[in-house]
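Step one of this worksheet: look at the structure below.
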Amino acid sequence: MTTIPEMLDLAVQHHQAGRWHSAELLYREILAIDPAQADALHLLGIIASQMGKHELAIDYIGRAVKIDGNEPAFHANLGNAFHALGKPEQAARCFFSVRHAISAPRAATDQV
């Protein structure tokens, strides 16, 4: 049986190779198993943003931020999506949050 981390690794490989549709299907499959899988939500948002669907990207990445607000990349990419939509105030708030996320203490399991 394939685990979520294995599925996520494969999806990222597809994503990095430009096979966005294959990556998207795997991210969605992961979310069907675990709707709170923040990395899959974030990366699904990245695909949406890469396709010019910035409002959809904001929805997905925003959900990832709600699940794991201490991940700097989530805030940065949310800011990028707001910036692409011409919403500089919201983008600036996200970029400011990156600094806070970087300085936030991580759980012991994240430091291993």
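The values are calculated or read from the model by the stated rules, or taken from the named source; none is laboratory data. Remember, it's a predicted structure, so these values are computed and weren't measured experimentally. Because the Cβ atoms are built from the backbone with ideal geometry, glycine has one as well, and the counts that use them run over all protein chains shown.
Listed by first and then second residue, the pairs with beta-carbon distance under 9 Å, at least 6 apart or on different chains, first residue in segment 13-38 and over 20 Å from ASP68 (Cα atoms), second part of a loop (DSSP other than H, G, I, E, B), are GLN13/ARG19; TRP20/MET51; ALA23/ALA17. Check segment 29-50 and report whether any residue there is under 25 Å from ILE102 (Cα atoms), modelled with pLDDT under 95 and not aromatic (Phe, Trp, Tyr). No. Restricting attention to segment 44-61 and to residues that are touching an Asp or Glu at 6+ places or on another chain (Cβ under 8 Å) and buried (at least 22 other Cβ atoms within 10 Å of the Cβ), the residue that is nearest to TRP20 (Cα to Cα) turns out to be LEU44. A count restricted to segment 62-80 and to residues that are under 11 Å from the mean Cα position of the chain (by Cα) and surrounded by 19 or more Cβ atoms within 10 Å (Cβ to Cβ) stands at 7. How many residues are crowded, with 16+ Cβ neighbours inside 10 Å and part of a helix (DSSP H, G or I) if we restrict to segment 21-43? Final tally of qualifying residues: 12.
Collect the residues in segment 1-19 that are within 20 Å of ALA81 (Cα to Cα) and buried (at least 17 other Cβ atoms within 10 Å of the Cβ), keeping them in residue-number order.
Correct list: HIS15 only.
If you check GLY69, GLY18, GLY62 for being part of a loop (DSSP other than H, G, I, E, B) and either within 22 Å of PHE96 (Cα to Cα) or in contact with a strand residue (DSSP E or B) (Cβ under 9 Å, 6 or more places away or on another chain) (or both), only one passes: GLY69.
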